[in-house]
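Some notes on the structure that comes next.
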Amino acid sequence: MIRLEKRPQASRAFSLATPVLAVVATMFFGGLLFMALGKEPLLAIKTIFWEPLFGEFSFYYRPQLLIKGAPLVLIAIGLSLGFKAGIWNIGAEGQYIMGALFGAGVGLAFYPVEGWYIFPLMVLAGALGGWLWAMIPAILKVRFGTNEILVSLMLVYVAEQFLASMSLGLLKNPEGFGFPGSRNLQQYESAFNADLIEGSGMHWGVVAAMIAVIFAYVLLTKHRLGFAIRVTGEAPRAAKFSGVNPTRLVLFCLGTSGLLAGLAGMFEVSGPAGQVTIDFNVGYGFTAIIVAFLGRLHPIGILLAGLLMALTYIGGDIAQSQLGLPAAAIQVFQGMLLFFLLALDMFTNYRLRFGRTEVA
């Protein structure tokens, strides 16, 4: 008989090995999925993980790792602070959208004026937009005890309606021949988040993501607030007796995650995306949840996990164009990472026992 037995204490070795095992399991079962779709599994896996780094056109795809990885890391760092404290912001996608709308709105308000101050104002506006949107579930939670998971998630759909409304209305390009969408910010020098080194993919969003990683690491390891975040998640009763203020912690964690998601949206709309469109959001806010857990809620782990997920985005696009894999199959493949991560994570606290159950 097979049974689960609780470990005397959590296995640190298994905790560290879980992300690697989850990736291996995803490759194996993802290969079975691709085979069921009539594709060569090894070729599909090679295309996803090898081609962007070492393929014929890797010179183009490598900078894309930074472009696609930056928003994932930036959002995941903010989410990880709340997740460590048991505060669950599932609505980063909405905060990402609102940051993009606020930032683009400020930039387009100045058009066609040129000035060095426009982009910094867009950065501040993007951060403010994400922060304000995250403050809605934060205030409702501390004031009325509402569930932040439900409120933040439902606000994603409200933000998507705002996005559609702005694309068709207030931010619509007056010279766009009636098509939805704003002016192209890539053609507005003062508002364009260009590569700092031409062709490298290194724009200000990448810099912000690296700063966020350093900030989170120092906060969690060296600062009293980081201790409060960790102890609240690991031992809520101990946190209460140690003087942690739960209201301030909720406001800080949700506010910070919203601020970083808003920044990610602003850097995206002013750079790689270039304009506000109805389909601007591509799910970075939800994918960042996978990145946060795949990185074990640790800043360095999140940085590596963000690059890995960016690799699956790029490799997935290549597999769609070269092998004819459907986009849904790539999304399922990415979702498998979280599924296997959570499933295998159980063995950090439990272990399998084989044999007959002893009867007292």
The stretch 24-49, residues that are open to solvent by less than 30 Å² (accessible area, probe 1.4 Å), aliphatic (A, V, I, L, M) and over 10 Å from Ala319 (Cβ atoms): Ala25
Subset of the stretch 295-325 (residues that are open to solvent by 10 Å² or more (accessible area, probe 1.4 Å) and of a type in the set (A, V, I, L, M, F, W, C)): Leu297, Ile300, Leu303, Leu304, Leu307, Leu308, Leu311, Leu323
Count of residues meeting criterion [in contact (Cβ under 8 Å) with a residue 60 or more places away in the chain and not in a helix (DSSP H, G or I)] in the stretch 69-126: 13
Test: residue in the stretch 272-291 that is open to solvent by less than 10 Å² (accessible area, probe 1.4 Å) and within 21 Å of Trp50 (Cα to Cα): yes
Per-region count, the stretch 71-124, residues closer than 19 Å to Gly301 by Cα and surrounded by 22 or more Cβ atoms within 10 Å (Cβ to Cβ): 13
Residue list for the stretch 125-163, restricted to those being on the phi < 0 side of the Ramachandran plot, more than 23 Å from the chain's Cα centre (by Cα) and not aliphatic (A, V, I, L, M): Arg143, Phe144, Thr146
Residue within the stretch 342-354 that is within 17 Å of Pro52 (Cβ to Cβ), assigned to a helix (DSSP H, G or I) and among the polar types (S, T, N, Q) present: no
Condition broken by Leu338, with the remaining ones in (1) surrounded by fewer than 17 Cβ atoms within 10 Å (Cβ to Cβ); (2) part of a helix (DSSP H, G or I) satisfied: (1)
Complete set of residues in the stretch 174-213 that are assigned to a helix (DSSP H, G or I), open to solvent by less than 50 Å² (accessible area, probe 1.4 Å) and in contact (Cβ under 8 Å) with a residue 60 or more places away in the chain: Leu185, Ser190, Ala191, Gly205, Val206, Ala208, Ala209, Ala212, Val213
Among (1) under 23 Å from the mean Cα position of the chain (by Cα); (2) open to solvent by less than 60 Å² (accessible area, probe 1.4 Å), the one test that Met166 misses: (1)
Cβ-Cβ under 7 Å pairs, at least 6 apart or on other chains, the stretch 132-148 side closer than 16 Å to Leu101 by Cβ, far side open to solvent by less than 60 Å² (accessible area, probe 1.4 Å) and among the hydroxyl-bearing types (Ser, Thr, Tyr): Ala134/Ser257
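The values are calculated or read from the model by the stated rules, or taken from the named source; none is laboratory data. Since the structure is predicted, the reported quantities are computational estimates derived from the model, not experimental observations. Cβ coordinates were reconstructed from backbone atoms using ideal geometry, including for glycine residues, and neighbour counts include every protein chain displayed. All accessible areas refer to the heavy atoms of the entire protein, side chains included, with ligands and DNA or RNA removed. Shrake-Rupley method; radii C 1.70, N 1.55, O 1.52, S 1.80 Å.
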